[in-house]
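Here's the structure, in structure tokens; my notes come after.
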Amino acid sequence: MTMNRRSFMKLMGAATGVSLAGVPYISSAAEMMSKTGRRVVVVGAGFGGSIVAKYIRMTDPTIEVVLIDRDKKFIACPFSNLVIGGFRTLEENTITHDKLATNYGVKLVYDEVTAIDTAAKKVVVTGGTIAYDRLVLSPGIDFRFDEIEGYDPVKTPEIMPHAWKAGPQTLLLKKQLESMKDGGTVVLTVPPTPFRCPPGPYERINMIAFYLKNHKPKSKIVAWDANEDIVSKPKLFRKGWAKHYEGMIEYHNGHKLAKVDTTAMTVDNGVETLHGDVINVIPPQKAGAIAHKAGVVGEDKKWCPVNQISFESTLVKDVHVIGDACSAAPMPKSGYAANSQAKVCALNVVQLMNGKDLIPPSHVNVCYSYITDKEAVTVSAVYKEAGGKTIAVPNSGGVSPDLSELEAIYGKSWIKNILAEMSS
Ligand SMILES: Cc1cc2nc3c(=O)[nH]c(=O)nc-3n(C[C@H](O)[C@H](O)[C@H](O)COP(=O)(O)OP(=O)(O)OC[C@H]3O[C@@H](n4cnc5c(N)ncnc54)[C@H](O)[C@@H]3O)c2cc1C
């Protein structure tokens, strides 16, 4: 069952006998309770949300699941760097969720979640209010723009794109590279960890270098990394840079961005000012804004602490948080990890709603990073819970032994499969 705003409003109206057209409407929880009184509302239909919704319905079809996202089309970040490299389209990264409705009976609502009342157990969308028995949040990330002097949250990304949420930002960065003169300088800044996709910025460097090598070979890319070193697969990335992009990449560790100037087209770290013809600022990150509004963000004011077995918030009862927004280190903030957490969370939501014991998790993660269009490298691990913490199972993973054409083929298979799982 797919609901657009109009049919959603109709549904609200039918439930109450009140006409809702154009009226901001808050229903009572009782009016909005499902017939079974067993409703899970999921916020965010990305890597975590689509899977948790589907797997709750697969595990226990007596539970009603309402999946809410602001967008009808989901554009995946994984492999969006390849769009910048010039050998993948954004369309290939785009899915819809209709089949989750037809195949599994997930109720789809396309609307902005503007507030969450965890005391009354209600989610507020622009079209009304939806009550829940349990809530799962998978809203992804938002940015800590305020930590960069001179950064205007609206104007700056239009001049210095982050491209850290795939879509128009990805295409803007690609267009800027295409418009740049040969011999130009691209500047890229890497935020402090933790951030969405630990290897992502370094894959981004590769893909920009790949584009430059093929189209603007006199150009270079200068990377300022706030961290002490490349945060994932450092040896493999360095090997790739030496093999394919000799003299094109200047990498500086311990260079934390402090200030931007969109008129002068410069970045500043408090010691040095650097000019770029194209500037890709990847800002520091935090859990998606709605998690902050729901009161599930921890003392760090960034991420959401959760029980590492059920992914239930340690701060607010009956609210679970998965994906990038939650704290589950050493699991990375990746789409693969969000998928794995979603399955564990779905299973344990069903257990809890049926009065049964929690089932301990076994998670898996693999991150593919492209060096060129033909070679990739990977990092993988298996995770479990031990003493209330998530740990990597010793000797369970590692990095690929070398730059590998085979890993690049496996990577394409992975993205195809995970997007298919989210959308069918
Ligand atoms: C360049 C790049 C490359 C990457 N490469 C990889 C990779 O190769 N492999 C990998 O595993 N991961 C990769 N990632 C990381 C991956 O994209 C994220 O870890 C993943 O998307 C997290 O899933 P999520 O469910 O937490 O959030 P998302 O997938 O971002 O989903 C969040 C959803 O919530 C919705 N939403 C948020 N707030 C609201 C609201 N208030 N109302 C309505 N809807 C809302 C959003 O519209 C969105 O659809 C990459 C990321 C980037 C930026």
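The values are calculated or read from the model by the stated rules, or taken from the named source; none is laboratory data. Worth saying up front: this structure is predicted, and the values here are computed from it rather than measured. With ideal geometry, Cβ positions are generated from the backbone for all residues, glycine too; neighbour counts draw on all protein chains shown. For accessibility, only protein heavy atoms count, side chains too; no ligands or nucleic acids. Shrake-Rupley method; radii C 1.70, N 1.55, O 1.52, S 1.80 Å.
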Around Val42: net Lys/Arg minus Asp/Glu count, Cβ-Cβ under 12 Å: +3
Of Phe145, Phe311, Phe210, the one that fluctuates the most in a GNM where the chain has Cα springs shorter than 10 Å: Phe145
The stretch 148-283: C-alpha pair distances exceeding 21 Å, %: 37
Of all accessible heavy-atom area on the stretch 316-416, the percent that carbon and sulfur account for (1.4 Å): 56
Dipole moment magnitude, nearest 20 debye, the stretch 259-362 about Cα centre, only Lys, Arg, Asp, Glu C-beta charged: 400
Global size of the chain as Cα Rg and Dmax, reported in angstrom: 22.0, 69
Beta bridges by DSSP in the stretch 148-283, antiparallel share as percent, to the nearest 5: 30
Over the chain, relative contact order from alpha-carbon pairs under 8 Å, at least 6 apart, %: 18
Rg [Å, one decimal], Dmax [Å, integer] - the stretch 73-216, C-alpha atoms: 18.8, 59
Residues listed by number, the stretch 229-268, amide nitrogen under 19 Å from Lys301 label point at 7 Å toward C-beta: 257-259
Selection from Gly167, Asn214, Pro234 lying farthest towards where the dipole of the stretch 148-283 points positive, charges on Cβ: Asn214
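Per DSSP H run of at least 4 residues, take -39500 (n - 2.57); add these up for the chain, divide by its residues and hand me the 222 nm value, nearest 500 deg cm²/dmol.
On the way: 12 runs with 127 residues, N = 424.
One gets -9000 deg cm²/dmol as the mean residue ellipticity at 222 nm.
So, with +1 on the Cβ of K and R and -1 on the Cβ of D and E, and no other charges, what is the size of the charge dipole of the stretch 148-283 about its Cα centre, to the nearest 20 debye?
Details: 18 positive and 15 negative charges, 127 e Å.
Approximately 600 debye in magnitude.
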Hydrodynamic radius by Kirkwood, which averages 1/r over all alpha carbon pairs of the stretch 80-129, in angstrom: 14.0
Size of electric dipole in the chain: Cβ of Lys, Arg +1 and of Asp, Glu -1, about Cα centre, debye, nearest 20: 900
Positive-end residue, the chain charge dipole about Cα centroid, Cβ charges, pick of Asn339, Val382, Ala328: Asn339
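Just to verify a number: FRET efficiency for Thr314 and Asp182, C-beta to C-beta distance, R0 = 41 Å, to 0.05? Intermediate results must be reported in sequence, preceding the final value.
Details: r = 53 Å, r/R0 = 1.30.
Using R0 = 41 Å, I get an efficiency of 0.15.
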